[in-house]
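The values are calculated or read from the model by the stated rules, or taken from the named source; none is laboratory data. Predicted model only: the values in this text are computed from it and were never measured. Ideal geometry is used to build each Cβ from the backbone, glycine not excepted, and the neighbour counts take in all protein chains shown.
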C-alpha cells in the first residue's frame, strides 16, 4: 500500500468530514515466523498469523527481509480484497 492509497478519501469513515485530512500514523508490529531448514540449504518460512503467508530464504538475515516483504504483501492483498479491488481466488 502506498502513501497515496493510505491517504485516499475513499478509505475514510463514512461520517468523516470531507475537508479534514487524515494524519498518517506508522505502527511497527512484531510478527512471529517459523523457519524450517531445507535439506539442500536455506529455509522455508511460514507466518502462522497470516494464513497462506509463506516465503523462503538462504540465510536468517535474508529471512528477516523476506518475512517483512511477504507480510506486507499479504496485508496489501487482504486490504484490496476487503475493499473489493481484487477478486479472491
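Among the candidates 84, 42, 52, single out the residue that is on the phi > 0 side of the Ramachandran plot and at pLDDT below 95. On inspection, the qualifying residue turns out to be 84.
Which of the residues belonging to segment 31-48 are part of a loop (DSSP other than H, G, I, E, B) and either under 13 Å from the mean Cα position of the chain (by Cα) or under 24 Å from residue 78 (Cα atoms) (or both)? Once the filter is applied, which keeps residues that are part of a loop (DSSP other than H, G, I, E, B) and either under 13 Å from the mean Cα position of the chain (by Cα) or under 24 Å from residue 78 (Cα atoms) (or both), segment 31-48 yields 31, 32, 33, 47, 48.
Filter segment 49-73 down to the residues that are in a helix (DSSP H, G or I), touching a residue at least 12 places away in the same chain (Cβ under 8 Å) and under 18 Å from residue 39 (Cα atoms), then identify the one that is farthest from the chain's Cα centre (by Cα). Restricting to residues being in a helix (DSSP H, G or I), touching a residue at least 12 places away in the same chain (Cβ under 8 Å) and under 18 Å from residue 39 (Cα atoms), the top hit is 60. Annotation note: Cβ proximity below 6 Å between a residue of segment 17-34 that is within 30 Å of residue 48 (Cβ to Cβ) and a residue that is outside any loop (DSSP other than H, G, I, E, B) (sequence gap 6+ or interchain) occurs for 31/71; 33/45; 33/67; 34/46. Suppose the filter is modelled with pLDDT under 90, surrounded by 13 or more Cβ atoms within 10 Å (Cβ to Cβ) and in a loop (DSSP other than H, G, I, E, B); does residue 5 pass it? Considered against the rule, which asks whether it is modelled with pLDDT under 90, surrounded by 13 or more Cβ atoms within 10 Å (Cβ to Cβ) and in a loop (DSSP other than H, G, I, E, B), residue 5 comes out as no. The single residue among 27, 65 that is surrounded by fewer than 10 Cβ atoms within 10 Å (Cβ to Cβ) and under 25 Å from residue 77 (Cβ atoms) turns out to be 27.
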